[in-house]
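What follows is a single structure, written as structure tokens, with notes after it.
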Amino acid sequence: MSANPSNYSPDSIDLDRLHAAVKREKQDLQPGREPVPMLVIFLAMVVAVIAGGQLGLMTGEWNFETSNPFLAASSPDPRPGAGEGAASVDPFQTAMKKGASGYAVCGGCHQGNGMGIPGQFPPLAGSEWVVGGTERLIRVVQHGLVGAITVKGQSYNTPGGMQAFGAAMSATDLANVLTYIRNSWGNEATMITKEMVEKVRTEEKRVQQWTEAELAPFADKNVPGDIPAGPGATKPAA
Ligand code: HEC
């Protein structure tokens, strides 16, 4: 048994050559398992590409600019209050929203419903101190209040009075909270702006708490200053 081709004769049995010849043959096709013709595969791809494009157009919202996460930085920020629309947000509504969360500082005493606690913490709902002159209201919260006071015909004289919040709160936070208490629980009064709070801060360097008598001259005075156009500007000062 030799592998030398020169010794080949049809009668000799060369297993190596025989196997090599068999391996070169394609396998017999089996019924039902014939390979799919290339043309069919190609046509299926063309249909998929065209149909995909059509679906994208028909579903409308899809857009390469906005749907591409890699371009997200340059597309508008979808969060409320962000992006182009931010400038048109109503300053009164913004102050009310921020003031509502800032009010957590006051709510422990004056309560979430602004009703206070009888004999202990005076109400802010319907209080003439809240919806009256802005000058007195800003001074009360900026510097604090102590001694006997009258609110809605009721007397209060809680030991220690109310602390000053001027040092603990920014002018913006204070303005937002005051706008909030002036326009909640049925109260309706003009917005208090950060500029108004700043004006009182620079003009009045007082460190001790006010008394009712000391503040009487400011009861109906309003701190001058522009109020942004919007619902807060048109509410009547009560
Ligand atoms: C620790 C309790 C306490 C907290 C907190 C507090 N207050 Fe007061 N507040 C009082 C007391 C007590 C008085 C009455 C002071 C007095 O008797 O002289 C008062 C009085 C007032 C008044 C005048 C009276 C009235 O009811 O209208 C206003 C306005 C007011 N507080 C607003 C605020 C605001 C705004 C905040 C939050 C930034 C706040 N208070 C946080 C206890 C508190």
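The values are calculated or read from the model by the stated rules, or taken from the named source; none is laboratory data. Please read these numbers as outputs of a predicted model, since none were measured by experiment. Positions of Cβ are backbone-derived with ideal geometry, glycine not excepted, and every protein chain shown enters the neighbour counts. These area figures cover heavy atoms from the full protein model, side chains too; ligands, DNA and RNA do not enter into them. Shrake-Rupley method; radii C 1.70, N 1.55, O 1.52, S 1.80 Å.
Some notes on this structure:
- Residue check for GLN93: open to solvent by 50 Å² or more (accessible area, probe 1.4 Å) and either on the phi > 0 side of the Ramachandran plot or more than 9 Å from the ligand (Cβ to nearest atom) (or both): yes
- When residues of region 181-201 are limited to those that are among the polar types (S, T, N, Q) and either modelled with pLDDT under 95 or within 15 Å of the ligand (Cβ to nearest atom) (or both), the one farthest from GLN93 (Cα to Cα): ASN187
- Flag for GLU204 being open to solvent by 80 Å² or more (accessible area, probe 1.4 Å) and either modelled with pLDDT under 95 or not β-branched (Val, Ile, Thr) (or both): no
- Residue pairs whose Cβ atoms lie under 9 Å apart, separated by 6 or more positions or on different chains, with the first residue in region 15-36 and of a type in the set (Lys, Arg) and the second at pLDDT below 80, are ARG17/ALA3; ARG17/PRO5; ARG17/TYR8.
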